[in-house]
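Some notes on the structure that comes next.
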Amino acid sequence: MVLENTPAIFTESEGAVVYIPEETKKYINTAVFINSQGNPTYEAKDLGLLDLKFEKYNPDLSIFITDHQQISHFAVVLDAVEKINKSWVERSIHRTHGRMTFKGQKMSSRLGGVPLVADILETVLAEVFERTKNRDTVDTRENPEAIAVGALKFAILRAQAGKNIDFDPETSLSFEGDSGPYLQYTGVRANSVLEKAGKISAEIFPATTFSDTPTTDVEKILARFPEVVENSINNWAPHYVTTYLCELAQSFNSWYAHTQIIDEANPNMNYNLAITKSVAQVMQNGLYLLGITLPERM
């Protein structure tokens, strides 16, 4: 493909074939697509990959996800591709992530290279068991992997795209504060209240209006969920959802601490249960969008 578009798009230079961007595009560097030995470089291979993608799958959108250090690489590739097939560029996007550190230290495997996910999970699982083995109020024995994976995913997704990520078990595995386990525990708590209420009354949500009930902060936050999800999708920014879920969890837990939700003498009990049910549903939906499992028990 590179040779077919030489010299129209690419240029021969000292035995190699290079791409020279327009002078107005100062942010794009000149790059070699075929070296002097006649072999394709990574730039040429990504050009070929796009050709294969659109020939085999013809996607509505092709997403390259890489380390942020590849920004300049894909700027060159997509600029060259635009001159070969403009529709490919119109349906392509490059998103970046940062580097991850563990307890403030750069990750390295036993062999000195990039660690395997299995090795990281093994370490985090050990931390989960250690941190929860003496807890009386939270039983994590049935769900250690769900908690470990949830903690890792949350720590990654809460970071703005392109920013570095620091995974610290001290905060990332906490059941209080901004963490995956904290969100999971909030969802489990809400479901536990509903389960308990269901045993008291078979019909806890009658079609009743509560015009005299003040609107809680929890309800105001719940109402924003569709907007947050839409913004997250439109901006390719999952951290919008993580931030929102933390805000919802903090608000609900504060309300929970000051409200006797199950109180048959309270005429607003059903209304409070409806709020709790909404929190449970939104928490489950939000965690699902992040790829995090909501355990049945914690």
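The values are calculated or read from the model by the stated rules, or taken from the named source; none is laboratory data. Note that this is a predicted model, so its numbers are computed, not measured. Neighbour counts run over all protein chains shown; Cβ positions are idealised from the backbone, glycine included.
General remarks:
- The listed residues are 71, 84, and the only one of them that is in contact (Cβ under 8 Å) with a residue 24 or more places away in the chain and closer than 25 Å to residue 160 by Cβ turns out to be 71.
- In the stretch 262-281, residue farthest from the chain's Cα centre (by Cα) [restricted to those that are surrounded by fewer than 19 Cβ atoms within 10 Å (Cβ to Cβ) and of a type in the set (A, V, I, L, M, F, W, C)]: 265
- Figure legend. Inter-residue proximity from the stretch 286-298: first residues closer than 15 Å to residue 156 by Cα and touching a residue at least 12 places away in the same chain (Cβ under 8 Å), second residues in a helix (DSSP H, G or I) and of a type in the set (D, E, K, R), beta-carbon distance below 7 Å, spacing 6+ or different chains. Indicated pairs: 290/153; 291/153; 292/153.
- Any hit, the stretch 90-103, residues being in a loop (DSSP other than H, G, I, E, B) and under 15 Å from residue 162 (Cβ atoms): yes
- Some residue of the stretch 51-74 being among the basic types (Lys, Arg) and touching a Leu at 6+ places or on another chain (Cβ under 8 Å): no
- Residues of the stretch 145-182 classified as surrounded by fewer than 20 Cβ atoms within 10 Å (Cβ to Cβ) and either acidic (Asp, Glu) or assigned to a strand (DSSP E or B) (or both), total: 7
- So residue 93, is it modelled with pLDDT of 80 or more and among the β-branched types (Val, Ile, Thr): yes
- Among the residues making up the stretch 48-84, those that are surrounded by fewer than 15 Cβ atoms within 10 Å (Cβ to Cβ) and among the polar types (S, T, N, Q) are 58, 66, 69, 72.
- Top-ranked residue in the stretch 190-222 [being under 14 Å from residue 251 (Cβ atoms) and in contact with a Ser or Thr (Cβ under 9 Å, 6 or more places away or on another chain); ranked as modelled with the lowest pLDDT]: 216
- Filtering the stretch 16-42 to residues that are modelled with pLDDT under 95 and either basic (Lys, Arg) or part of a strand (DSSP E or B) (or both) leaves 25, 26.
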